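Quick notes on the structure that follows.
The values are calculated or read from the model by the stated rules, or taken from the named source; none is laboratory data. These numbers come from a predicted model, not from an experiment. Because the Cβ atoms are built from the backbone with ideal geometry, glycine has one as well, and the counts that use them run over all protein chains shown. What goes into the accessible areas is simple: the full protein's heavy atoms, side chains included, and nothing from ligands, DNA or RNA. Shrake-Rupley method; radii C 1.70, N 1.55, O 1.52, S 1.80 Å.
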Amino acid sequence: RLMHYTPDQLEAINSIDHNLQIIACAGSGKTQVIAARIANILKEKASQDITPANIVAFTFTEKAAGELKDRIHRLCKETLGTDEGLAEMFVGTIHGYCLNLLQSPPLYQYLKYRVLTEIQQRLFIDRHSSQSGLTDVPLLAGGQHLKRWADSRLYQDILSILGEGDVDWSKVPLPVRDAYYKYLELIDSKRFLDYTMIIANAVANIQSHPALRDHIANQIKYLVVDEYQDVNPLQEALISEIQSLGANLCIVGDDDQTIYQWRGSDVSNILTFSHRYPVVHQIALNENFRSSVAIVESARRTVERNPERLTKKMISTEAQPFTNGEILALTFHSVSEEAEWIAGKVKSLYSTAYSDRPDADPRGLTYADFAVLIRARKDATPILQALKAADVPYVVGGMNGLFDTPEVQAMCEVFYYLGDFAPGNSGVPTTDGLRRTLASAGLGLTVAQIEKGIAFLTTRKPQISGRTDALLFLQRIYLDFLEQLGIREDAINTADGGRTGEVVYYNLGKFSQVITDYEQINSNSSPAQLYSGFASFLFFQAPGYYPEGWQDAGYARPDAVQIMTIHQAKGMQWPVVFVPCLRRN
């Protein structure tokens, strides 16, 4: 198999005795190279008692970790004849590793803590708006302070910058500093950890806990960090600590692909890496094995205008044939004209022949092979309307737009009914209103199914004010209600704007996640408070709580056109991509 690697890839695979910087351009086969290098370490260093437990690999996402694990397992079986012991190797996110560290010996101190997602953290801040320090933070003008519900997202950003950035504390206003420490005290008292605290607490313990330092020095002999261009100062502090305790460090990244500066990533980490770590060997993987020569040349000419770059030159291996017209740069007179063209192009290319690799048999393009990448969520509206009019199924990445779908609007109305909540000026929904909503939601329900669902709701609703058992948890009611309705994927009205049963199920599953987030933070409320509070949350806050860029953990990709922001699309690939709504400059 080694003959399939390029000389640069082989050099990276065999460089296992010094710190290594792999500068990997897009589509350069870096995951395969990382996996092959790890298999090579296990083969060459077995005589020095190096085992899988001595290797740690950090990836940017859980999805990337899954792909890397699969390759490592496959290569170890091929080159070593076994994948025994690989369960002892950590391959995952930095957050995942740090959480393991905090909950394992010799620390053990965070065993009973629960981790808050970004959404749950925001719900937590809003629920405890005074204790969390939110309402103590002054605005620059007018003598006002941050407000509950309205400014919790901004406060999250402040907490993240203070926790993860390279901060000069003397320049942070005293009320902001006090609010930050107030938040840390509150979240610790409630036995929660947020994403920043997981890493911050791990770094603090590594720096101050002798037994933990000994444990890491004895355990980690090789550390691999993927997507290194996106690490922030706090993550870099962790990497530096582990390396200083004796680990061989290999970082993989590309300064041209840094797109998370707004989240605190610092591109100077990768630009100055070879000056900050001892005996660094640099290797550039310049060949792109994914895209046609025209895609690669267009990307290279653009990115070479950046003033501060590592020296490299992406070149195409012509993995995809290119014919003139496969890259189009078009101008339209209006956003609606642009959107209609996209919908028409999807329909005309659907089921046409496409080969995933030069040696693969052609297959027909499916809707999931198309992506529309936008700058901001508001750009999507005309495109969604055009796709719906053309009967093309689509899903919107992240969860903005979830609350615009008829199936989720119907579920919101169910909870307005259960919580005795009047949305807007329309009054509390009645059972007759619910019947009409469920019938028109495109769920393919018969009259008998709807009646069974309504009967379930009318039985459960009176119990909410008087009981506290598990049958009345929001999630339990939701799942039991769906079961009573008996929704069938194949009965869903696919004629409604191209919405397939698969997409509707996907959205109903997303709504289940909304319930989980709310229930996690508000589980101590009485059922009556829980239902009225959740109904109010659905109407006033939820559509804005799931902003673009919110990542879901699911790996399933429904057979529908994927619409998402450029940031969400990082690391993904499709045969056909539209990048509409470009701005001048």
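Worth a mention:
- Residues Phe58, Phe421 ordered from highest to lowest accessible area at a 1.4 Å probe: Phe421, Phe58.
- The phi-based Karplus calculation (6.51 cos²θ - 1.76 cosθ + 1.60; θ = phi - 60°) puts the 3J(HN,Hα) values of the range 236-253 at 5, 4, 5, 4, 4, 4, 5, 5, 5, 8, x, 7, 6, 10, 10, 10, 10, x Hz, whole numbers, x for Gly and Pro.
- When the listed pairs Lys69/Lys570; Lys69/Lys221; Lys388/Lys510; Lys378/Lys510; Lys182/Lys378; Lys30/Lys69 are checked against a 25 Å cut-off, the alpha-carbon distance exceeds it for Lys182/Lys378.
- Note on Leu271 and Thr446: the model spin-label points, each 7 Å out from Cα along the C-beta direction, lie 6.7 nm apart.
- Counted by Cβ distance under 12 Å from Ser130, the other residues give a net charge of +2, where Lys and Arg count +1 and Asp and Glu count -1.
- Shape of the range 232-295, Cα gyration tensor, a/c cut at 1.5: oblate
- Sequence of Ile161, Ile315, Ile187 from largest to smallest accessible area, 1.4 Å probe: Ile161, Ile315, Ile187
- Anisotropy class of the range 1-95 from Cα gyration tensor, a/c 1.5 cut: rounded
- Rolling a 1.4 Å probe across all protein chains gives Glu241 an accessible area of roughly 40 Å².
- Selection from Val335, Leu234, Ile158, by position along the positive dipole direction of the chain (Cβ): Ile158
- C-alpha center-to-center spacing [the range 463-491, the range 118-157] in angstrom: 33
- With all protein chains kept in place, the per residue accessible area of the range 111-155 amounts to 53 square angstrom at a probe of 1.4 angstrom.
- Only helical runs count toward this figure. For the chain, summing -39,500 (n - 2.57) over DSSP H runs of n ≥ 4 and dividing by all residues gives -13500 deg cm²/dmol at 222 nm.
- Computed extension gain for Trp149 through Val176, at 0.36 nm per residue and net of the alpha carbon distance, reaches 7.9 nm.
- Charge tally around Gly364: other residues with Cβ under 15 Å, Lys/Arg +1 each, Asp/Glu -1 each, net -2.
- Of [x] 35.7; [y] 30.6; [z] 37.0, the label for mean projected area of the Cα convex hull in nm² derived from the coordinates: [y]
- Residue by residue, the range 309-320 carries 3J(HN,Hα) couplings of 9, 6, 6, 5, 8, 4, 10, 8, 8, 6, 5, 10 Hz when phi is fed to the Karplus relation 6.51 cos²θ - 1.76 cosθ + 1.60 (θ = phi - 60°); x denotes Gly or Pro.
- Accessible area per residue was computed with a 1.4 Å probe on protein heavy atoms; Arg476 scores about 100 Å².
- By accessible area, using a 1.4 Å probe on protein heavy atoms only, the chain has 51% of its surface on carbon and sulfur.
- Gyration tensor verdict on the range 38-176 (Cα atoms; rounded if a/c is under 1.5, prolate if a/b is larger than b/c, oblate otherwise): prolate
- Dipole check for the chain: with +1 at the C-beta of Lys and Arg, -1 at the C-beta of Asp and Glu, and the Cα centre as origin, the magnitude is about 640 Debye.
- Here's how it looks for Val115: its modeled amide H is under 5 Å from those of Leu193, which are all 5 or more places away or on a different chain.
- Whole-Hz couplings from phi, Karplus 6.51/-1.76/1.60, listed for the range 534-544; x for Gly and Pro: 5, 4, 5, 4, 4, 7, 8, 10, 3, x, x
- Among beta bridges that DSSP assigns inside the chain, antiparallel share in %, nearest 5: 10
- One Cα centroid belongs to the range 441-460, the other to the range 369-440; the line between them spans 19 Å.
- Take Glu483: with every protein chain present and a 1.4 Å probe, its accessible area is about 130 Å².
- Unit charges at the beta carbon, dipole of the chain: most positive-side option, Val280, Gly419, Gln475: Gly419
- For Val576, distant residues with modelled amide H under 5 Å away: Ala371
- Cα centroid separation, the range 228-274 to the range 24-69: 17 Å.
- Residues whose amide H falls under 5 Å from that of Asn248, counting only those 5 or more places apart or on a different chain, are Tyr222, Leu223, with hydrogens built in the peptide plane.
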